[in-house]
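Inspection log for the structure reproduced underneath, given as structure tokens.
The values are calculated or read from the model by the stated rules, or taken from the named source; none is laboratory data. Nothing here was measured: the structure is a model prediction, and the numbers come from that model. Cβ placement follows ideal geometry from the backbone for every residue including glycine, while neighbour counts extend to all protein chains displayed.
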Amino acid sequence: MSQDPGPAPTGDADLVIGRIVSIAGSQIIVVLEDQPGESAPSPSPPPPPQVGSVVRMRARDSVVFGLVTGLNIPIPAMAAGEAEMKIIEVELLGEVVAGEAITEDGGAPSPFLRGVSVYPGLGEPVYAASAENLRTVYARPSITCVPVGTVHNDRNVPAYLSVDDLLGRHFAVLGSTGTGKSCVVALILRRILTQIAAGHVLVIDLHNEYSHAFGDLAEVLTHENLDLPYWLLNFEEMREIMVSARGSQPEVEAAILSDTILEAKRILAAGTDAVEWITVDTPVPYRLSDVVRLLDEKMGRLQRPSDTEPYLRLKARLATLSSDRRYAFMFPGITVRDNLAAILGTLYRVPTRGRPITILDLSGVPSEVLDAVVSLICRMTFDFAQASDQQVPVLLVCEEAHRYAPLDAALGFASTKQAVGRIAKEGRKYGVSLCLVSQRPSELAAGMLAQCNTILALRLSNQRDQDFVRATLTESGLGLVDSLPSLRDREAIAVGQAVSVPLRLFFDDLPPHQRPKSGAASYEDAWGSEVDAGPVLDAVVRRMRLQGSLRLS
């Protein structure tokens with residue numbers, strides 16, 4: 001038999017805000033009381049509830065908590081001072097089962113449990129949640145977690161994220177430009193790595209935002225010190241770089257390239273047992289000089305000069321890539337060595353040597369090969385995790401994910417979408433976690449966001465983006481979505497496995513030296529005085545001619 005929680009505790013009457021008039025699924029409708037009850041010891045009415053406020057109700061043997069998601073006056077009064085009905089909409093969050101009599105402040109000795117086993121009845125009073133109630137609902141989980149901010153209802157109550165649930169089931173950080181997405185990512189990574197120092201994090205950074213945000217915690221790789229040799233590319237990625245879709249015979253060029261690369265790989269592996277299992281996609285070294293020689297030999301066997309065009313185009317493209325300094329990280333020259341183990345160790349921090357984060361700064365990588373590079377990184381991350389058999393779990397942070405995993409197929413990046421999608425669908429089985437960071441979630445590839453079991457949504461002004469996020473959330477978090485356009489910077493809606501209940505929270509602020517460089521240029525400062533044209537223009541010209549980065553600092 002269930003235990004009766006007893007009469008209403010002392011002090012409850014002055015906290016009564018209304019009574020239940022409707023229960024449908026997880027939603028409860030409450031009619032607000034204009035004045036406190038007659039037994040109230042204080043003449044002061046309770047504060048009016050706001051969207052996002054937490055309320056509590058009494059069930060047969062538990063205290064049920066809910067979140068205010070809407071306020072309404074169905075029939076407004078015609079004149080000031082006239083009585084009118086005020087109702088609030090409440091989404092149920094969970095309950096505290098009373099193991100003994102409920103204490104005077106409305107709390108209970110049992111922990112808060114998500115979900116409701118017994119509903120409160122019609123006509124039951126609804127109480128404003130006390131500070132102690134909020135600490136119960138948003139209590140620190142018993143599993144490993146990190147504090148990242150404070151709850152919206154009470155800035156004295158910390159908000160926590162469960163580490164294993166956050167990383168083990170993927171998560172997304174969404175928000176319009178300038179809302180603080182990059183700072184939120186930096187904050188979460190710092191808090192996690194403070195507790196778990198030997199992590200393995202790879203950040204794909206398209207705009208050089210994170211390079212100075214982590215200090216000694218990160219190894220920064222740019223196009224100048226990145227070692228990502230061409231022989232790591234699979235055939236689809238190599239085709240993306242070598243074969244132009246606008247060419248006259250792209251399919252013929254692709255077939256020639258596939259056969260030639262396979263022959264070149266087998267030439268270098270001659271005399272070893274690797275020859276038997278090598279395919280065009282196997283990540284083994286081969287010499288570009290062998291590729292050029294084979295192309296020449298095949299051209300020499302042709303009878304018609306017009307048939308040589310595909311071969312000449314491939315040779316010309318190889319010559320361009322090999323001589324352009326911007327591609328030196330991928331086409332380093334005539335030296336070929338099998339350093340795959342060293343590359344994997346650098347990218348995925350094995351061992352960490354006190355730097356658990358790799359920042360892959362791709363701001364200097366030419367746009368012509370960006371798709372292939374990101375595809376290679378994502379595919380290799382999955383292959384590495386799969387081969388390591390969960391011994392080295394990896395977190396892959398995809399900044400500006402909508403750019404290289406777009407919904408619109410006409411924008412390209414097909415191989416990258418396939419690689420990221422594979423991680424999203426299967427990665428957690430092999431120990432690779434995905435963090436998607438995007439300002440336009442509606443432009444992400446279909447199904448990508450649905451694989452993220454935790455959503456951290458900052459301010460989103462675009463209606464399409466709001467609708468897209470709404471479609472991915474569970475019912476318990478839908479009531480919070482309407483507040484997305486009105487959130488302040490660093491304020492977010494958190495929904496999913498990594499939080500005990502859906503909540504609105506303020507993320508902690510980072511000191512300036514730990515913030516990513518994501519702010520816009522200060523036109524007021526830059527335009528306030530004349531630029532010393534000589535040094536600035538000379539530096540720009542030099543960097544353009546050296547085919548290096550255009551950054552002046």
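Please count how many residues of the stretch 294-308 are under 25 Å from ILE267 (Cα atoms) and assigned to a helix (DSSP H, G or I).
Of the residues in the stretch 294-308, the ones under 25 Å from ILE267 (Cα atoms) are 294-302, 308.
Pick out the ones that are also assigned to a helix (DSSP H, G or I) and you get 294-300, 308.
Count: 8.
Can you tell me which condition CYS145 does not meet? The list is (1) closer than 30 Å to HIS200 by Cβ; (2) in the same structural domain as ARG488 (by TED's automatic domain parsing), and all the others hold.
With respect to (1) closer than 30 Å to HIS200 by Cβ; (2) in the same structural domain as ARG488 (by TED's automatic domain parsing), CYS145 is out only on (2).
Checking the structure you have, find out if any residue of the stretch 372-380 is under 17 Å from LEU206 (Cα atoms), among the basic types (Lys, Arg) and buried (at least 17 other Cβ atoms within 10 Å of the Cβ).
Applying the first criterion (under 17 Å from LEU206 (Cα atoms)) to the stretch 372-380 yields 372-378.
With the extra rule that they be among the basic types (Lys, Arg), the set shrinks to none.
No, the conditions are met nowhere in the stretch 372-380.
Which condition number in (1) surrounded by 24 or more Cβ atoms within 10 Å (Cβ to Cβ); (2) in a helix (DSSP H, G or I) is the one that ARG135 fails?
Evaluating ARG135 over (1) surrounded by 24 or more Cβ atoms within 10 Å (Cβ to Cβ); (2) in a helix (DSSP H, G or I) leaves (1) as the failure.
Looking only at the stretch 344-369, count every residue that is surrounded by fewer than 17 Cβ atoms within 10 Å (Cβ to Cβ), in contact (Cβ under 8 Å) with a residue 12 or more places away in the chain and closer than 26 Å to GLY412 by Cβ and tell me the total.
So the count comes out to 3.
In the set ASP508, ASP538, which member is modelled with pLDDT of 85 or more and closer than 30 Å to GLY115 by Cα? Step through it out loud before you land on a result.
Numbers: ASP538 fails: closer than 30 Å to GLY115 by Cα.
Among ASP508, ASP538, only ASP508 is modelled with pLDDT of 85 or more and closer than 30 Å to GLY115 by Cα.
Would the stretch 165-183 turn up any residue that is free of Cβ contacts under 8 Å to residues at least 60 places away in the same chain and farther than 19 Å from GLY427 by Cβ? Steps first, please.
Filtering the stretch 165-183 down to residues free of Cβ contacts under 8 Å to residues at least 60 places away in the same chain leaves none.
Looking through the stretch 165-183, none of the residues is free of Cβ contacts under 8 Å to residues at least 60 places away in the same chain and farther than 19 Å from GLY427 by Cβ.
Quick one: which residue in SER388, SER486 is out of contact with any helix residue (DSSP H, G or I) (no Cβ under 6 Å at 6 or more places or on another chain), free of Cβ contacts under 8 Å to residues at least 40 places away in the same chain and over 22 Å from TYR210 (Cα atoms)?
Exactly one residue qualifies, and that residue is SER486.
Quick one: which helices (runs of 4 or more DSSP H) lie wholly within the stretch 398-503 and hold at least 2 residues that are over 19 Å from THR381 (Cβ atoms)?
Numbers: elements: 401-404, 414-430, 463-472, 475-481.
Passing ranges, in order: 463-472, 475-481.
Just to be sure before I move on: is CYS183 under 30 Å from SER375 (Cα atoms) and not aliphatic (A, V, I, L, M) in the structure I sent? Reasoning before the result, please.
Values: under 30 Å from SER375 (Cα atoms): yes; not aliphatic (A, V, I, L, M): yes.
Yes, satisfied.
Mind checking whether some residue in the stretch 217-233 is assigned by TED's automatic domain parsing to the domain that holds ASN453, part of a loop (DSSP other than H, G, I, E, B), among the small types (Gly, Ala, Ser) and in contact (Cβ under 8 Å) with a residue 60 or more places away in the chain?
No, there is no match, as no residue in the stretch 217-233 is assigned by TED's automatic domain parsing to the domain that holds ASN453, part of a loop (DSSP other than H, G, I, E, B), among the small types (Gly, Ala, Ser) and in contact (Cβ under 8 Å) with a residue 60 or more places away in the chain.
Filtering the stretch 241-255 down to residues that are in contact with a Leu (Cβ under 8 Å, 6 or more places away or on another chain) and in a helix (DSSP H, G or I), which residue is farthest from SER415 (Cα to Cα)? Full working, then the answer.
First, pick out the residues of the stretch 241-255 that are in contact with a Leu (Cβ under 8 Å, 6 or more places away or on another chain): 241-243, 253.
Pick out the ones that are also in a helix (DSSP H, G or I) and you get 241-242, 253.
Working: ILE241: 12, MET242: 15, GLU253: 19 Å.
Top of the filtered list is GLU253.
Quick check on this structure: which one of ARG140, ARG155 is part of a loop (DSSP other than H, G, I, E, B) and over 30 Å from ARG60 (Cβ atoms)? First the steps, then the outcome.
Values: ARG140 fails: over 30 Å from ARG60 (Cβ atoms).
Result: ARG155 is the single residue among ARG140, ARG155 that is part of a loop (DSSP other than H, G, I, E, B) and over 30 Å from ARG60 (Cβ atoms).
For ILE377, work out the one condition from (1) in contact with a Cys (Cβ under 8 Å, 6 or more places away or on another chain); (2) at pLDDT 90 or above it doesn't fulfil.
Evaluating ILE377 over (1) in contact with a Cys (Cβ under 8 Å, 6 or more places away or on another chain); (2) at pLDDT 90 or above leaves (1) as the failure.
Filter the stretch 299-319 down to the residues that are free of Cβ contacts under 8 Å to residues at least 60 places away in the same chain and either closer than 30 Å to SER211 by Cα or among the basic types (Lys, Arg) (or both), then identify the one that is surrounded by the most Cβ atoms within 10 Å (Cβ to Cβ).
Taking the stretch 299-319 first, the residues free of Cβ contacts under 8 Å to residues at least 60 places away in the same chain are 299-308, 311-312, 315-316, 319.
Still in the running and either closer than 30 Å to SER211 by Cα or among the basic types (Lys, Arg) (or both): 301, 304, 315.
Working: ARG301: 7, ARG304: 6, LYS315: 16.
Per the stated criteria, the residue is LYS315.
Out of ILE261, ILE192, ILE241, ILE204, report the one residue that is over 20 Å from the mean Cα position of the chain (by Cα) and modelled with pLDDT of 95 or more. It would help to see each step written out before you state the result.
Details: ILE192 fails: over 20 Å from the mean Cα position of the chain (by Cα); ILE241 fails: modelled with pLDDT of 95 or more; ILE204 fails: over 20 Å from the mean Cα position of the chain (by Cα).
Testing whether each residue is over 20 Å from the mean Cα position of the chain (by Cα) and modelled with pLDDT of 95 or more leaves just ILE261.
Out of (1) among the aliphatic types (A, V, I, L, M); (2) touching a Phe, Trp or Tyr at 6+ places or on another chain (Cβ under 9 Å); (3) free of Cβ contacts under 8 Å to residues at least 60 places away in the same chain, what's the single condition that is false for ILE192?
(2)
So that you can scan it fast, the table gives a plain yes or no per residue for (1) modelled with pLDDT under 85; (2) over 23 Å from TYR119 (Cα atoms); (3) not aromatic (Phe, Trp, Tyr):
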| residue | (1), (2), (3) |
| --- | --- |
| ILE29 | no, no, yes |
| GLU33 | yes, no, yes |
| GLU38 | yes, yes, yes |
| PRO47 | yes, yes, yes |
| GLY52 | yes, no, yes |
| PHE65 | no, no, no |
| ALA79 | yes, yes, yes |
| ALA83 | yes, yes, yes |
